[in-house]
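The values are calculated or read from the model by the stated rules, or taken from the named source; none is laboratory data. These numbers were taken from a predicted model, which means no experiment stands behind them. FYI the Cβ positions are ideal-geometry reconstructions off the backbone, even for glycines, and counts take in every protein chain you see. Protein only, heavy atoms only, side chains kept; ligands, DNA and RNA dropped before computing areas. Shrake-Rupley method; radii C 1.70, N 1.55, O 1.52, S 1.80 Å.
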Amino acid sequence: MRVLQKLRVGLAAILLGCGLYVGSCGIGSVAPLGPLLDPARGIWSLARSARLPDDAVATIASLDSEVRVVYDRRAVPHIFASSVDDAVRALGYVVARDRLFQLEIQTRATAGRLAEWAGRNALRTDRFQRSLGLARSAEREFAALGAESTEMRLLRAYAEGVRAWTEQIRPEDLPFEYRFLGTQPLRWEPVYSLYLMKRMGYTLAYSTHDLTRRRLVDLIGSEATDALFPVNSPIQEPIQPNGLGQPRFDFEEPVGPGVPRMRELEDVTAAVFGSDGNPVGSVANRAVLCLPFCDAETALASNNWAVSPGRSADGHALLSGDPHLNLSLPSIWYEAHMVVPGELDVYGVTIPGSPGIVIGFNRDVAWSFTNTVADVLDYFREVVDDPVQPSRYWLDDEWRPLESSVEEFYGSDGELLAVDTLYFTHRGPLVREGSEFLSVRWTVLDESGATRALFEAARSGSVEEWLSAMSVYRSPAQNGIVADRAGNIAIMSIGAYPIRAGSGDGTEIRDGTRRANDWQGYWPLGSYPFALNPVQGFLASANQQPLDPRTSGRYLGVNWPSPWRALRINALLRADSQVTPDAMRRYHTDPGNAKADFFVPAFLRAADSMLAVRTDSQLGEAARLLGEWDRRYTKGDQRAVLFEAALSELERNTWDELQPRGGGRRVATPTQAVLAQLVSFPENEWWDNVGTFDVVETRDEILALSLRNALQNVRREFGPPQDGGWRWDRVQQANIYHLLGFAALSALDLPVQGGPGSLNPSSGRGTFGASWRMVVQLGPEVTAWATYPGGQSGNPASGWYDNRIPIWVAGELEEVLFPVSADRLKGNDAVGSFTLRPGGD
């Protein structure tokens, strides 16, 4: 009943916020609340639909034979079918039953159709999403699939399962969100599963760093831009081990700001034209300003690692999966087990909309992924025949026709909100930056290969077979880690990596008037970052640069995230030659921090240097307080807040020249690894504050100033250090919001262990974090422990809606049940079941 209380509180807030008259009339695009109060079909009926089925029977017309589904004590459905197609149909059915609204909202987000729910408020977002061409590329990919291909079979089977649920749904089972919006579920089409992969590609692989680099060059010159946003990380702890057994610091003194090209910084917009023929406003401006540099070191900060039998306590391979994504209720993940005797026996998590398990294990192999952060998007400068209504672009000394698409946007009442025309070259969508037209070449708009690859990987019996299955995977690029019962461990950065014409560097905007400047193909599989059974006995990835530049000169990306998490997990694994599953669990929320280990001594040395020449009581106190810190982000810690404030001040004081002329937010912020590099050069030009004309500041002056100011800021915000306001669990929390943002249906202000740069890098608003934690031991029988922040059900009235959050907050895991047959789930291990039978219309 705890969740029902939340619903009552949430409904009361809605009523108070909207006024009592909303019970009988809608407010703009919001549905009337009267139906929500209907005791039979309104919000209160959610409690009746929240229960798991008890030996129920349902039908799916296209089933070949009967399917048994048993829910275990963690509400995980175990699907036992006679064919793969039937198992996938059942997966679509149970996901729709538990996560129907989630399926639709992510589909609408990709398609740019949120305004049909939210009205004009969502129009800007919809226009931008359509301008990316994600849905268009998914439709083209689907059309190219063979009618009898594995991918088509899986996509159709999944859609048949989803539709079977929606076509049989009772009014009282309709998710709360549909009732609130006053709408009905969308008919699920097979292509929508490809929409999901395009959406993940946008989340994990969309970047406009080429455009930002040009702005930086205009501001500080090309040499300084290359120094502050380098192709190679100055701290090397690569995914593919380089044999050093320790990190390497390739610190070179950064070049100071040069003479900029005095060009106004222009906003980038999608090349979208309204029904009047005039360009639409800055559709893509927010994305351009953000780039991969805005908070990129915290958001989507995933980890995975594997340990060889020789370094595990029990002599079995161990694997951990720890992907970090946006936190939401319901979770991005849905846990399931699919069994088809002799063909498939796979357990793990799927993303609602995917026709199979994405991360997980079978009876022989376990695997997980982190984001590669590779550069797989380029811009090409195009010449068009008309800047207002283009129809052709110039290529190889002749005009070529542009493809165009007329896009209509509708509101929540069916009214036409806007009509845009999108344009495409042979490379991809056309966008506009100021007076220039740029085409976008992006691997995410090509065939993904994910459906087939993940299906074959789920059936693999060894590391070798898993790697072979994943060889067809193309996007979004991922670091796939894998281990098997034979004791093998491996990691490979899988995906399509473009071979660029000329220098091969992907940091510049290219001339689009010549086809010779197009991508020349993709890396051969043998060139991918890869390691198998390394001498060190373990492997790890944490979004760091995959290849040591001294090992390979190939261009894979630029401005890599600082490798603090990679340094920490590698240090933990090097220090433990008898790793246990429980140690793997503890690593997920380990409070240690390599970033703090580097910067805290630098702050303290700078304070000592300044205090040696002048008395400064505030600086002295700040240094004393910071010196008391053990550099661990535990919940009860009371010094991490001072360090984070000091680092924030240091970035502000150091990178002020990266603001546009006339003020405003920085065009971009160098990574903390680059800042660490700068610390090694005390007289570097970047330390000088250009706002002071009579002095030239040095490193120690800026570090000491930042620490001193941080103490003032923290005191002002959180009070004196002795009053308890500095406790980390009061300063930084995780926040898991409902998909529509209802606070009463969200889990907010959750105290978690970890901070920016740690393996559990909670920061900012706390809306990104560990979305799934898994430890697998590959012994004679596979054993696994896991959890995620949420619950299996999307129904806020269900006991399975957010029941796992306390476990997740505590850093604990639950042992999962992995039965070989339905009759192994008995007694308290089984809390619900139903049978799916062929039949129906």
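I need the full set of residues from the stretch 405-444 which are among the hydroxyl-bearing types (S, T, Y), in contact with a Ser or Thr (Cβ under 9 Å, 6 or more places away or on another chain) and exposed (fewer than 15 other Cβ atoms within 10 Å of the Cβ), in order please. Break it down stepwise before answering.
Within the stretch 405-444, the subset among the hydroxyl-bearing types (S, T, Y) is 405, 410, 412, 421, 423, 425, 435, 439, 443.
With the extra rule that they be in contact with a Ser or Thr (Cβ under 9 Å, 6 or more places away or on another chain), the set shrinks to 405, 412, 421, 423, 425, 439, 443.
Within the stretch 405-444, S405 is the sole residue that qualifies.
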Original post:
Given (1) closer than 15 Å to S412 by Cα; (2) β-branched (V, I, T); (3) buried (at least 23 other Cβ atoms within 10 Å of the Cβ), where does I105 come up short, assuming only one miss?
Top reply: (3)
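Would you mind finding the one in L132, L181 that is within 28 Å of the chain's Cα centre (by Cα) and buried (at least 23 other Cβ atoms within 10 Å of the Cβ)?
L132
Out of W800, W808, W785, I need the residue that is surrounded by fewer than 21 Cβ atoms within 10 Å (Cβ to Cβ) and aromatic (F, W, Y). Which one?
On the way: W800 fails: surrounded by fewer than 21 Cβ atoms within 10 Å (Cβ to Cβ); W808 fails: surrounded by fewer than 21 Cβ atoms within 10 Å (Cβ to Cβ).
Of W800, W808, W785, the one residue that is surrounded by fewer than 21 Cβ atoms within 10 Å (Cβ to Cβ) and aromatic (F, W, Y) is W785.
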Subject >> Some residue of the stretch 152-161 being open to solvent by 30 Å² or more (accessible area, probe 1.4 Å), farther than 30 Å from L556 by Cα and touching a residue at least 40 places away in the same chain (Cβ under 8 Å) >> reply: yes
**OP:** Name, by its number, the condition in (1) at pLDDT below 95; (2) hydrophobic (A, V, I, L, M, F, W, C); (3) farther than 30 Å from P257 by Cα that does not hold for A623.
**Re:** (1)
Original post:
For the stretch 802-831, what are the residues that are within 19 Å of G348 (Cβ to Cβ), part of a loop (DSSP other than H, G, I, E, B) and either touching a strand residue (DSSP E or B) at 6+ places or on another chain (Cβ under 6 Å) or free of Cβ contacts under 8 Å to residues at least 12 places away in the same chain (or both)?
Top reply: R804, L813, V816, L817, F818, L825
**OP:** Show the residue pairs that are 6+ apart or on different chains and have beta-carbon atoms under 8 Å apart, the first residue being within the stretch 497-518 and within 20 Å of V444 (Cα to Cα) and among the basic types (K, R), the second being open to solvent by 70 Å² or more (accessible area, probe 1.4 Å) and at pLDDT below 95.
**Re:** none
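Applying the selection to the stretch 636-656, what residues are charged (D, E, K, R) and surrounded by fewer than 19 Cβ atoms within 10 Å (Cβ to Cβ)?
Looking only at the stretch 636-656, we keep the residues that are charged (D, E, K, R), and these are 637, 639, 644, 649, 651-652, 656.
Within the stretch 636-656, E651, R652, D656 qualify.
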Subject >> Residue that is farthest from S793 (Cα to Cα) [pool: residues in the stretch 108-129 that are touching a Lys or Arg at 6+ places or on another chain (Cβ under 8 Å) and not hydrophobic (A, V, I, L, M, F, W, C)] >> reply: D126
Subject >> Within the stretch 367-404, considering residues that are modelled with pLDDT of 95 or more, open to solvent by 50 Å² or more (accessible area, probe 1.4 Å) and polar (S, T, N, Q), the one farthest from the chain's Cα centre (by Cα) >> reply: S391
Subject >> Matching residues in the stretch 676-696 - criterion: being free of Cβ contacts under 8 Å to residues at least 40 places away in the same chain and buried (at least 19 other Cβ atoms within 10 Å of the Cβ) >> reply: W687, D688
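Take the residues in the stretch 70-86 that are of a type outside the set (A, V, I, L, M, F, W, C) and over 19 Å from T787 (Cα atoms), then tell me which one is least open to solvent (accessible area, probe 1.4 Å).
Initially, the stretch 70-86 is screened for residues of a type outside the set (A, V, I, L, M, F, W, C), giving 71-74, 77-78, 82-83, 85-86.
Subset that is over 19 Å from T787 (Cα atoms): 82-83, 85-86.
Values: S82: 81, S83: 26, D85: 29, D86: 0 Å².
So the residue we want is D86.
Could you count how many residues in the stretch 635-657 are among the hydrophobic types (A, V, I, L, M, F, W, C) and closer than 23 Å to N543 by Cβ?
Going through the stretch 635-657, the residues among the hydrophobic types (A, V, I, L, M, F, W, C) turn out to be 640-643, 645-647, 650, 655.
From the residues that got through so far, the ones that are closer than 23 Å to N543 by Cβ too are 640, 643, 647, 650, 655.
Within the stretch 635-657, residues that are among the hydrophobic types (A, V, I, L, M, F, W, C) and closer than 23 Å to N543 by Cβ number 5.
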Original post:
Where in the stretch 340-410 are there strands (runs of 3 or more DSSP E), lying wholly inside it, with at least 1 residues that are touching a Phe, Trp or Tyr at 6+ places or on another chain (Cβ under 7 Å) and within 24 Å of L422 (Cα to Cα)?
Top reply: 377-382, 392-395, 398-401, 403-410
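How about the stretch 136-255: which helices (runs of 4 or more DSSP H) wholly inside it have at least 1 residues that are in contact with a strand residue (DSSP E or B) (Cβ under 7 Å, 6 or more places away or on another chain) and under 30 Å from T654 (Cβ atoms)? Outline the logic, then answer.
Numbers: elements: 150-168, 176-181, 192-205, 209-220, 222-228.
Fully inside the stretch 136-255 and qualifying: 192-205, 209-220.
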Original post:
Looking at (1) in contact (Cβ under 8 Å) with a residue 24 or more places away in the chain; (2) under 20 Å from V444 (Cα atoms); (3) within 26 Å of the chain's Cα centre (by Cα); (4) surrounded by fewer than 21 Cβ atoms within 10 Å (Cβ to Cβ), can you tell me which one T110 breaks?
Top reply: (4)
